[in-house]
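Single-structure report; data block below.
The values are calculated or read from the model by the stated rules, or taken from the named source; none is laboratory data. Fair warning: this is a prediction, and the values are worked out from it, not measured in the lab. All Cβ positions, even for glycine, are placed from backbone atoms using ideal geometry, and neighbour counts span all protein chains on display.
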Amino acid sequence: MTGLLLKTQNNMKIKDNHWRWSVGLFSIFIGLVLTSCSPDTVEDLRSEPLTAKPEVLQGTWKLSKVMQIDQVAVDNAFPEAVQSLDITDLFDFGSFELRFDIDDSATPSTFSTSRSENLPVFIVNSGQWSVDNQIFTTKIDLADPSAITGTQLVVRSITSDRLEVRVLRVEEGSEPPTVFSRYDYTFVKL
Amino acid sequence: MKNRYIPILTTALLFAFLQSVKAQSISTEPLDFSANEKVTITVDVTGTDLDGVEPLYIWAWIELGEDDINAPTNGDWTNSDEANVMTKIEDNQWSITFTSLADFYQQTAGTIGSKIGFLIKARDGSGGLQTNDQTLNVEPPKFTPSVFRVFPANFAQDDIVTIFYDRNLDENTSTNSLTEYALYATALLESDETLEPVAQEEVQNRTDLLFKDQGNGLFSLTMIPAQFFGVRSGQRIRSTTFIIRSKADAGIALAPRVRLPFQPQK
């Protein structure tokens, strides 16, 4: 009988310890969760993907950086030093500005560009623009009535003050299309 | 007990040996190759099911696990494409040469990766007239530093093009000791007209034709071919010829380098 009593008391002690450990661990877990979910992070998660990109894109963007990429070197996994070239300072790229306008319903409407003479930026001059998806925009199409074809900007990143796009250079008549080089353009909002 | 297994083991080893004798032998020239190099595959089918069968065809693919990519010229299993026919060297010895695996598979070296697979078959492979699957290792593409390099390797006439000269790799003592390098260039149009924006004797007077010293023996010059050569609207460049030379002396120069511009999709 005494033995049984002792055993029960020991069990209660063990259970009591388990309870204390559980409460302690749960408190630590809640603390970690609360610490990691700071208001900024929650705000970022809520706002970034759900913003309609035409509204973010509207306005004037100034070209700030141009990288040229050799697709052959990339495809062949050549050393990074020969895959790309920063050509920002080789031409007056800072003179290039791209303006996006939207209509009353926040839909893309017209775009226009300004640049110094003969500046080698592979973006058509002016016309209508559109996006493949208002929120999850991956492509911006620029249609210029005076050009044979428009320009497709492949979106790398869009934020409120920075736009990174890519223009692919494709060999004429290649099937499947063969990209032989590309230009990565970084714009800042004016 | 153990002795009971000896005949079984012996039979199995003999069977394996006979199979190996029957298997075709394969060789490549060169022994190691990348996806961008010319390679010849030679097969000896003596003693196999293809012994005496003519002609033979290669059926090839890129080894990518479950997502293998077949060569675009394989054709149908019962009717191989003539593009994949092999060349008979002598009885039961066949070979096929690829300018490059990238051309043959119509894929980049990056997609081809490190291994290709193939088998040899009769035009109609339905009767079991084929070898077993074979694999060959593909070396990573090599970048070979050179005295003269154009960036990007492929360009259109309206692209931005940078020509690099690496003095460290130049073994010619008359050119690798210079301090100033200039460019003399011509372009041949599709209309057979040759454009020479600046004559050899005028190059020394043009600062815009001087290479920029990037330090550590590397020099570069950037241009847009269409603007540099004065290409008029509607004209297309067929080829360009670049000569890196002494600024002052046209007689001290590297050998001419010819590059063919691409035509971009409009």
For the range B:177-198, the count of residues that are in a strand (DSSP E or B) and within 14 Å of chain A (Cβ to nearest Cβ) equals 0
State yes or no: is B:Lys142 farther than 23 Å from B:Val53 by Cβ, surrounded by fewer than 19 Cβ atoms within 10 Å (Cβ to Cβ) and away from chain A (no Cβ under 14 Å)?
no
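Yes/no per residue for (1) exposed (fewer than 14 other Cβ atoms within 10 Å of the Cβ); (2) touching a Phe, Trp or Tyr at 6+ places or on another chain (Cβ under 9 Å):
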position: B:Val150; (1), (2): no, yes
position: B:Ala153; (1), (2): no, yes
position: B:Thr162; (1), (2): no, yes
position: B:Ala182; (1), (2): no, yes
position: B:Thr186; (1), (2): no, yes
position: B:Thr194; (1), (2): yes, no
position: B:Ala199; (1), (2): yes, yes
position: B:Lys212; (1), (2): yes, yes
position: B:Thr222; (1), (2): no, yes
Right, B:Ser174: surrounded by 11 or more Cβ atoms within 10 Å (Cβ to Cβ), of a type in the set (Ser, Thr, Tyr) and out of contact with any Cys (no Cβ under 6 Å at 6 or more places or on another chain) or not?
yes
List every residue pair whose Cβ atoms lie under 9 Å apart, where the two residues are 6 or more positions apart in sequence or sit on different chains, the first residue falls within the range B:92-110 and is within 9 Å of another protein chain (Cβ to nearest Cβ) and farther than 18 Å from A:Ser174 by Cα, and the second residue, located anywhere, is among the aliphatic types (A, V, I, L, M) and buried (at least 19 other Cβ atoms within 10 Å of the Cβ).
B:Gly110/A:Val74; B:Gly110/B:Ala35
Do we have any residue at all in the range A:54-64 that's more than 14 Å from chain B (Cβ to nearest Cβ), in a loop (DSSP other than H, G, I, E, B) and either under 17 Å from the mean Cα position of the chain (by Cα) or at pLDDT 95 or above (or both)?
yes
Of the residues in the range B:20-79, those that are of a type in the set (A, V, I, L, M), closer than 14 Å to B:Asn92 by Cα and assigned to a loop (DSSP other than H, G, I, E, B) come to B:Ala23, B:Val45, B:Leu50, B:Val53
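Can you list the strands (runs of 3 or more DSSP E) found entirely within the range A:82-190 that contain at least 1 residues being within 17 Å of B:Pro264 (Cβ to Cβ)? If you could, list the steps in order and put the result at the bottom.
Working: elements: A:84-86, A:97-102, A:108-114, A:126-131, A:139-143, A:151-158, A:162-170, A:179-189.
Of the strands (runs of 3 or more DSSP E) lying wholly inside the range A:82-190, those with at least 1 residues that are within 17 Å of B:Pro264 (Cβ to Cβ) span A:139-143, A:151-158, A:162-170, A:179-189.
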How do the pairs read when you match residues in the range A:170-190 that are more than 9 Å from every other protein chain (Cβ to nearest Cβ) with residues anywhere that are of a type in the set (S, T, N, Q), using Cβ under 6 Å and keeping only pairs 6 or more apart or on different chains?
A:Val179/A:Gln71; A:Thr186/A:Ser64; A:Val188/A:Ser64; A:Leu190/A:Thr60
Could you list all residues from the range B:160-176 that are in a loop (DSSP other than H, G, I, E, B) and touching a residue at least 24 places away in the same chain (Cβ under 8 Å)?
B:Ile160, B:Asp170, B:Asn172, B:Ser174, B:Thr175
Counting only residues that are within 14 Å of another protein chain (Cβ to nearest Cβ), charged (D, E, K, R) and part of a loop (DSSP other than H, G, I, E, B), the range B:201-224 contains a total of 0
Could you look through the range A:88-110, keep only residues that are within 27 Å of A:Thr137 (Cα to Cα) and among the aliphatic types (A, V, I, L, M), and pick out the one that is nearest to the other protein chains (Cβ to nearest Cβ)?
A:Leu98
